[in-house]
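Novice: Quick one: the structure is below, questions incoming.
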Amino acid sequence: MTTPLATTGRTPADLPEHIQHYIGGSFVDSVDGDTFDVLDPVTNQTYVTAAAGKKADIDLAVAAARKAFTEGPWPRMLPRERSRVLHRIADIVESRDERLAELESFDSGLPITQALGQARRAAENFRFFADLIVAQTDDAFKVPGRQLNYVNRKPIGVAGLITPWNTPFMLESWKLGPALATGNTVVLKPAEFTPLSASLWAGIFEEAGLPEGVFNLVNGLGEDAGDALVKHPDVPLISFTGESSTGSLIFANAAPFLKGLSMELGGKSPAIVFADADLDAAIDATIFGVFSLNGERCTAGSRILVERSVYDDFVARYAAQADRVKVGFPDDPATEVGALVHPEHYAKVMSYVELGKTEGRLVAGGGRPEEFPEGNFVRPTVFADVAPDARIFQEEIFGPV
């Protein structure tokens, strides 16, 4: 029997009523007071509002980060001193992994067991860069003649970090860790679909002893806050993870300033299965590669190329396995595919499912699970006999397809 969504009791305790920016060591609302709604992916109902940052808020955050860089102690600390702070950050994240996973799962729709793994990975990211900054050495080498070349590594300035809505807390750590370890200060602009876990960084950093102004956070839409951050003349570094089309725009807007860019954009990763493969292992690996994290990952192996002699057997067994993947509420430990992050993204994924029915042979899934008449739930979907020029073969779907 299906449990009604309203009576699942899945809302975490102590949710905030409002999410603010964090600028210069203080939580603040937007200069113009504007906000946006944040939706629960299971019900698509607003569960919190967040401050909607724009250029004025980015200007304040960059000024705070710039002041912390030019006047504060962080860039001038020895690597070992910064390393100690980063290890304390990792300790705090590890100690709160279950709470972080609970909030991340609720906010993004990720299965709770996978969200827990991502929280723990966030701690490991900080440990990696805490160790790397101590072990890293400057290079010096002699060249023919009387010359000596050397490399001197030093902080650059304010790093603008723009993060996506899939596994947001872990991916934020991926950018925060190296930027902070190397002595830079940061302004983080998290995805507007999933701002909840990003709001926790401020308290973690304060507790770990990160100096005031080194970390700043501005929530908001990409075209407002993100665009202002990319174009700001006092932000020499931009790191972005997201869609390739947005990445192209960031390249263009950053070019006049010759900014340093780190870009992780879309993909359509293939998995290749040869006839001599262990098909049981190959099916397990490719099922996980496509359907883990709800398929909302740029490394999803969503194209599977199979040698012709084992193709029919592989397709039949793969489709059967996909039908056994458990779709469920994100907070259920048995769930393997939860709810997609937002109704806009759900509509996009479902449009690809309908397109796939015209471009290939549907062998599994293909719609909404009957037991979930609302929310952003999609049955794990598999198409076979897809031509290389088909859109579903070439374009990133970013869902369990």
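Computed from the coordinates by the stated procedures, all read-outs in this text should not be read as laboratory data. Because the structure is a prediction, the values reported are computed rather than measured. FYI the Cβ positions are ideal-geometry reconstructions off the backbone, even for glycines, and counts take in every protein chain you see.
Novice: Quote the convex hull volume per residue of segment 71-190, based on C-alpha atoms, as a whole number of Å³. Write out the running numbers ahead of the final one.
Specialist: On the way: hull volume 15.3 nm³, N = 120.
Hull volume normalised by residue count: 128 Å³.
Novice: To continue, here is another question. With the contact rule set at Cα under 8 Å and sequence spacing of 6 or more, what percent relative contact order holds for the chain?
Specialist: Relative contact order, the chain: 18 percent.
Novice: Per q in 0.25, 0.26 1/Å, what log10 I(q)/I(0) does a Debye calculation on the alpha-carbon atoms of segment 341-401 return?
Specialist: -1.04, -1.11
Novice: Calculate, in nm to one decimal, what THR137 and LEU265 gain on full extension: separation in residues at 0.36 nm each, minus their alpha carbon distance.
Specialist: The THR137-LEU265 span can extend by a further 43.1 nm.
Novice: Would you please calculate the Kirkwood hydrodynamic radius of segment 270-394 over all C-alpha pairs and express it in Å, rounded to one decimal?
Specialist: Evaluated over segment 270-394, this radius sits at 15.0 Å.
Novice: Let me ask something additional. Assign unit charges at the C-beta atoms only (+1 for Lys and Arg, -1 for Asp and Glu), then state the dipole size of segment 270-394 relative to its Cα centre in Debye, rounded to the nearest 20. Working shown, then result.
Specialist: Working: 12 positive and 20 negative charges, 64 e Å.
Here the size comes out at about 300 debye.
Novice: What percentage of all Cα-Cα pairs in the chain are separated by more than 39 Å?
Specialist: Above the 39 Å cut-off, the chain has 23 percent of its Cα pairs.
Novice: In addition: With the calculation restricted to Cα positions, what are the radius of gyration and Dmax of segment 1-110 in angstrom?
Specialist: That works out to 18.7, 62 Å for Rg and Dmax.
Novice: Between ASN149 and HIS18, what is 0.36 nm times their sequence separation minus the Cα-Cα distance? Round to one decimal in nm.
Specialist: Values: separation 131, 0.36 × 131 = 47.16 nm, distance 5.33 nm.
Contour length minus the Cα-Cα distance gives 41.8 nm.
Novice: From the residues ALA64, TYR47, SER26, which one has its Cα farthest along the dipole of segment 1-149 in the positive direction, the dipole being from +1 and -1 charges on Cβ of Lys/Arg and Asp/Glu about the Cα centre?
Specialist: ALA64
Novice: Quickly rank 245-252, 114-121 as a protection proxy: mean count of other C-beta atoms within 10 Å, highest first.
Specialist: Most protected by this proxy first, the peptides run 114-121, 245-252.
Novice: Tell me which DSSP H helices of the chain clear both cut-offs, 20 Å or more of axial length from alpha-carbon atoms and a mean Kyte-Doolittle hydropathy of at least 0.0.
Specialist: 55-71, 112-135
Novice: While we're looking at this one, here's another question. Under 18 Å from a point 7 Å along the Cα-to-Cβ line of ASP385: which residues of segment 309-327 have their amide N that close?
Specialist: Zone members listed by number: 309-320.
Novice: Under 14 Å from the Cβ of GLU102, count the other residues' Cβ atoms, weight Lys and Arg +1, Asp and Glu -1, and hand me the total.
Specialist: My count for the surroundings of GLU102 gives -4.
Novice: Percent antiparallel among DSSP beta bridges with both residues in segment 270-394, to the nearest 5?
Specialist: Of all bridge pairs located within segment 270-394, approximately 40 percent are antiparallel.
Novice: Determine, for the chain, the count of lysine pairs separated by eight or more sequence positions (or lying on different chains) whose alpha-carbon distance falls under 13 Å.
Specialist: Lysine pairs meeting the criterion: 6.
Novice: Within the P(r) computed for segment 116-272, what percentage of the Cα pairs occupies the region above 19 Å?
Specialist: The proportion of pairs with Cα distances above 19 Å equals 59 percent.
Novice: Could you give the dipole magnitude of the chain about its Cα centre, charging the beta-carbon of Lys and Arg +1 and that of Asp and Glu -1, in debye to the nearest 20?
Specialist: Numbers: 36 positive and 55 negative charges, 322 e Å.
Roughly 1540 debye, rounded to the nearest 20.
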